[in-house]
Amino acid sequence: MKLKISWIELSQDLLPHSDLDSPEDLKLISNEILEAFEIGGHSEEIELDDKILTITSIFSSKLLQDIPKSIRIYEMGRWGKLLSGDVVTVIGETITYALLNQLFNISINDILPFRNVKFLGTISDLAINIEKYDTLRKFLNAKSGLLFVEAKATMTFRRSQIVNTISKSLVTIENLRYPDNYGLISYIIKYNNQLYDLMILIKP
């Protein structure tokens with residue numbers, strides 16, 4: 001699978017953290033993130049290993065059959081009514097986990113912790129101990145801390161829906177990582193007939 005990656009980095013100072021901030025502030029920031037993606041294109045392109053995708057599909061939050069086949073359908077853009085919301089959720093998680101493994105050598109074992117409690121709604125998909133991974137530590141220019149990750153995907157490019165999802169994910173991430181840790185929202189998007197991962201990185 002060929003995947004274009006678009007990295008967008010945010011300082012936590014740009015995000016609302018007090019009662020003085022309104023939901024509109026967060027929506028404005030989310031809209032600007034999406035605009036930056038639309039204008040900026042991609043930072044790099046990667047060929048995801050299908051074998052890794054098969055493995056990471058096992059550790060998604062919903063136990064579904066033949067996830068690699070659903071990913072191929074998603075990649076071709078011929079899903080019609082074949083893919084439910086649950087399937088799209090799993091596609092986002094599977095691709096994100098495979099990408100983290102391939103880019104930063106994140107162990108599959110570190111993908112497991114939050115799977116069974118995700119339904120609580122106050123936790124991210126996973127948290128990674130930055131100290132364990134030299135490549136990730138150098139990429140973040142960090143000595144220690146946690147990286148909280150949210151994995152998302154969408155079937156169609158609807159701006160309002162994507163902006164709303166980004167806003168919700170930012171709230172989840174900030175509730176967990178603020179003020180000293182790191183956050184990553186990985187959003188799989190089909191845009192202009194190409195497959196992208198919008199990677200929103202939040203730094204303290």
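The values are calculated or read from the model by the stated rules, or taken from the named source; none is laboratory data. Computed from a predicted model, the values in this text were never measured in an experiment. We place every Cβ from the backbone using ideal geometry, glycine too, and count neighbours over all the protein chains shown. We work out accessible area using only protein heavy atoms, side chains counted, and drop any ligands, DNA or RNA first. Shrake-Rupley method; radii C 1.70, N 1.55, O 1.52, S 1.80 Å.
Would you call A151 assigned to a loop (DSSP other than H, G, I, E, B) and hydrophobic (A, V, I, L, M, F, W, C)?
The answer is no for A151.
If you go through region 150-160 one residue at a time, how many are open to solvent by 20 Å² or more (accessible area, probe 1.4 Å) and closer than 20 Å to E75 by Cβ? Don't jump to the end; show me each part of the working.
So in region 150-160, the residues open to solvent by 20 Å² or more (accessible area, probe 1.4 Å) come out as 152-153, 155-160.
After this cut, where a residue has to be closer than 20 Å to E75 by Cβ as well, the list is 152-153, 155-158.
Looking only at that region, the number is 6.
Which count do you get for residues in region 1-56 that are β-branched (V, I, T) and free of Cβ contacts under 8 Å to residues at least 60 places away in the same chain?
6
Which members of region 170-204 meet the condition of being assigned to a helix (DSSP H, G or I) and crowded, with 22+ Cβ neighbours inside 10 Å?
L170, I173, R177
Among the listed residues I202, I189, I162, I166, which satisfies the condition of being within 21 Å of K27 (Cα to Cα), of a type in the set (A, V, I, L, M, F, W, C) and touching a Gly at 6+ places or on another chain (Cβ under 8 Å)?
Only one candidate passes the filter, namely I202.
Taking L147 as meeting all but one of (1) at pLDDT 95 or above; (2) open to solvent by 10 Å² or more (accessible area, probe 1.4 Å), write down the number of the exception.
Status for L147: all satisfied but (2).
With the structure loaded, tell me whether L63 is under 19 Å from A151 (Cβ atoms) and either open to solvent by 40 Å² or more (accessible area, probe 1.4 Å) or modelled with pLDDT of 80 or more (or both) or whether it fails that test.
So L63 passes the test.
When only residues in region 110-142 that are open to solvent by less than 40 Å² (accessible area, probe 1.4 Å) and among the small types (G, A, S) count, which is modelled with the lowest pLDDT?
Applying the filter and picking the extreme gives S124.
Here are S107, S160: which of them is farther than 28 Å from D49 by Cα and either out of contact with any strand residue (DSSP E or B) (no Cβ under 9 Å at 6 or more places or on another chain) or modelled with pLDDT under 95 (or both)?
Answer to the check: S160.
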